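Below: the structure, in structure tokens.
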Amino acid sequence: MNMSRRWLIGAVVAGIVGSLGSLGVGYGEDPFAQQGTQQTQVQSDEQQARVAVAKKAQSPADYTELIRQALHGTAEESARAVHELRNSGPSAVQALLARPEYRPAARWVSVLDAVAQQRDALYSGLYWYTDLDQALDVAKREHKPVLSLRLLGKLTDELSCANSRFFRTALYPNPNVRALLADKYVLHWQTVRSVPIITIDFGDGRKLERTITGNSLHMILDEQGRTVDVLPGLYGPGVFAQQLTKTGEAAASYGKMNEAQFQHFRTEFHKKQMEEMHVTWQADWVKAGVSPAPNLGMELDDATWSQIAGQYMTASTPRGDAAQAVASKGPDAERAGRLALTKSVAETPMMRMVRNVTKSISEDTVRNEYHLHARIHMWFMSQADFVANRDQLVNRVYSDLFLSPVDDPWYGLSKPDVYSAIPKDGRIGAVAASSGR
């Protein structure tokens, strides 16, 4: 996603991702007393959590008393109960979602998000590991691949990067995507770096707070932690589900292979994916009435991408709980209702917002699949060009494809060769003093 697209994503998300209000939880901290000690405890107990998850996975558990303490106990009782629910794994999230009588509790949303380790978990119902070793332990036991999300910021933050906010609202809650992730994958997320946030002060007490850039990627790992594929940036739910289905099947079948076998079959897998991509690329341009088609893998301008993005609008439209999630972040429901009554058949702000979101997702889908993912396929096909180390591969995607190197302290937002008539181009902080970057 280029810089103009990232600004567009930020602008569109501004209509979707509003504040849910203060939930009083740091997602891993004490969620009600905000004492900050629970985050350290949760992180230090990851080893203990592995054992707890393994034990509780053997038989169904009754979480009624733990949930009662989490929702209605003292701050100390609640924090302890949230910690135990978190260590119990995905079944605890399902228990919190299963009974309608839990939902009126003032703490229900914050407890659910803390246990799931995902903001907006009420829409997706997914459980995420934040320790990759723990996720791989579960993957080996269940013989499943791992979907490892790498993002700017945290998946538990309202203002995580733009891609991840779309994931939480328009992608993961999609019924097909949610079922696929819950049944076929072990889920993990990891912060790449903090997300840049900008505050616009209008000088009269009004302020706007936004993230201004940031991309995410999904790594598909086999049960041994070896990278099978990488999906760069935002995808619509239709294409995302297709990619995860075929890559997940490959990852599951590769899990027991030795390294030589794994590398051979992975190379063949990516060759096949490129062959299939060429077929769909040509077909998309035939449908668009364009001949000859541009070269696959090239970067094209926005207008050209839009020519084929329209074919992906239906598969990119938020549905089911995803539609509810998008609506929850949009205009005030009462105001939207009044507008709908007064304008009759006229388009409401909510309708325009959903249409704009769908258009943005479909355009990102084709750009990320046919331009960025095509290049990733070629990396995997070339042994000389491939980086096996997971973190180095993530860094390469951010540097070479997203054009936002994670080791740049200013993340591409301040460049020494660009004149702004502002001292140090507005850079403030220790990095500016100690580095020429």
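We did not get these values from a lab; they are worked out from the coordinates using the rules stated. Remember, it's a predicted structure, so these values are computed and weren't measured experimentally. As a convention, Cβ positions derive from the backbone with ideal geometry for all residues, glycine included, and neighbour counts pool all protein chains shown.
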*Treat the count of other C-beta atoms within 10 Å as a stand-in for reagent exposure and order 212, 308, 220 from fewest to most.*
212, 220, 308
*Can you pull out the trypsin sites (Lys or Arg not before Pro) in segment 214-256 that DSSP calls coil and that have at most 16 other Cβ atoms within 10 Å?*
256
*Which whole-Hz ³J(HN,Hα) couplings does segment 295-309 yield from phi under the Karplus relation 6.51 cos²θ - 1.76 cosθ + 1.60, θ = phi - 60°, glycine and proline marked x?*
5, 5, x, 6, 7, 10, 6, 4, 5, 5, 4, 5, 5, 9, 4
*May I ask you to evaluate 6.51 cos²θ - 1.76 cosθ + 1.60, the Karplus curve with θ = phi - 60°, for each residue of segment 138-152 and list the ³J(HN,Hα) values in order in whole Hz, giving x for glycine and proline?*
5, 4, 5, 5, 9, 6, 10, x, 10, 9, 10, 7, 10, 9, 8
*Which of 149, 155, 296 comes first, and how do the rest follow, when ranked by fewest Cβ neighbours within 10 Å?*
296, 149, 155
*So who's got an amide H within less than 5 Å of the one on residue 129, skipping anything under 5 residues away but keeping other chains? H placed 1.01 Å off N, in plane.*
187, 188, 189
